[in-house]
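Asks: Just passing along the structure, written as structure tokens.
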């Protein structure tokens, strides 16, 4: 028996250098990254975008390149912003 | 009222089928008429683990697609009163599972059984999806190991978003954690995630902790649910889980290593 083994023999289990703590820490980090993508995932967004555009297109011509859809995710809320630029002529006619 | 429970995990090899067999058998031992369905189409194993592999004539897929009646495919366990097995097909693939077909079989089983246990395949594809879609409750089987916990977390997300209850906006599925292959010695040495760590990460209530036990392998070798070896610690832990499932309050056992003699301790430390 080596001296180190003798030393280990009298060490309490609390001081063991197990890898479980590292496992827990790694899991917590990766899940914090993955959860926003896998839980409550906004896979309805493409469909929502298409339907909103179809509704608007029924009334006014819109340029696909003048559309911006953004989602901002924060700890306690998410913000969905849809911005559609309408041609000037359309608006003045409506008013 | 009849309850449909899915036994699922995401990751393979964590003990889904063993647990579905043990919990199904345990419910039947408690006087609840129970049917366990194998959803792992093409890789059937529930029949083997429950020791009825030589009695399979028709299966779940035949009932869905080939006009075979449910009672022709159900296998009655000869050891436990009120326990039935619905095996799956070994030759077809998961595309043979249709949502309408699965729904029809589950609805018919609910007429006659107290509990319908759906043994899910690993993964998150069609078989696993079908197994969880109609469930009222989920037992998420996890080992104290990183990949298994990560996959369990993924499955929890799917249960909350892709089940029929979620789609219909009904009250969410009740979810239970079943931690299996829990090695008490390695947990004590800090080498394995402990129950508290897994609970903190997954944040669902604990149904049971099944300690690592040789009896599990021996029972599967012999084709019997482990609860039929009632002296084993795994059987006792599974029966505790069954009682919790039935609403009883049962304190957790087998989560710390048994006390050993000083000589044992000394031998173990110097090993």
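The values are calculated or read from the model by the stated rules, or taken from the named source; none is laboratory data. Everything numeric here is computed off the predicted structure, so don't read it as measured data. Glycine gets a Cβ as well: all are built from the backbone with ideal geometry, and neighbour counts include every protein chain shown.
Asks: Being surrounded by 14 or more Cβ atoms within 10 Å (Cβ to Cβ), closer than 27 Å to residue B:193 by Cβ and either modelled with pLDDT of 65 or more or more than 8 Å from every other protein chain (Cβ to nearest Cβ) (or both), is that true of even one residue in region A:38-53?
Replies: yes
Asks: To continue, here is another question. State whether the residues of region B:125-134 include one that is surrounded by 18 or more Cβ atoms within 10 Å (Cβ to Cβ) and within 14 Å of chain A (Cβ to nearest Cβ).
Replies: No, the conditions are met nowhere in region B:125-134.
Asks: Taking the conditions exactly as written (outside any helix (DSSP H, G or I), in contact with a strand residue (DSSP E or B) (Cβ under 6 Å, 6 or more places away or on another chain) and away from every other protein chain (no Cβ under 14 Å)), does residue B:138 satisfy them or not? Steps first, please.
Replies: On the way: outside any helix (DSSP H, G or I): yes; in contact with a strand residue (DSSP E or B) (Cβ under 6 Å, 6 or more places away or on another chain): yes; away from every other protein chain (no Cβ under 14 Å): yes.
Yes; evaluated as a whole, the condition is true for this residue.
Asks: Let me ask something else. Among all residue pairs at least 6 apart or on different chains, which show Cβ distances below 6 Å where the first residue, located in region B:250-271, is closer than 16 Å to residue B:211 by Cα and the second is modelled with pLDDT under 70 and surrounded by fewer than 12 Cβ atoms within 10 Å (Cβ to Cβ)?
Replies: No pair meets every condition.
Asks: Okay, moving on. Does any residue of region A:61-69 turn out to be closer than 23 Å to residue B:158 by Cα, modelled with pLDDT under 80 and more than 14 Å from chain B (Cβ to nearest Cβ)?
Replies: No: region A:61-69 contains no residue that is closer than 23 Å to residue B:158 by Cα, modelled with pLDDT under 80 and more than 14 Å from chain B (Cβ to nearest Cβ).
Asks: How many residues are surrounded by fewer than 17 Cβ atoms within 10 Å (Cβ to Cβ), modelled with pLDDT under 95 and not in a loop (DSSP other than H, G, I, E, B) if we restrict to region B:73-105?
Replies: So the count comes out to 1.
Asks: Taking the stated definitions as given, is residue B:89 in contact with a helix residue (DSSP H, G or I) (Cβ under 6 Å, 6 or more places away or on another chain) and either more than 14 Å from chain A (Cβ to nearest Cβ) or more than 19 Å from residue B:63 (Cα to Cα) (or both)?
Replies: Taking the combined requirement at face value, the residue satisfies it.
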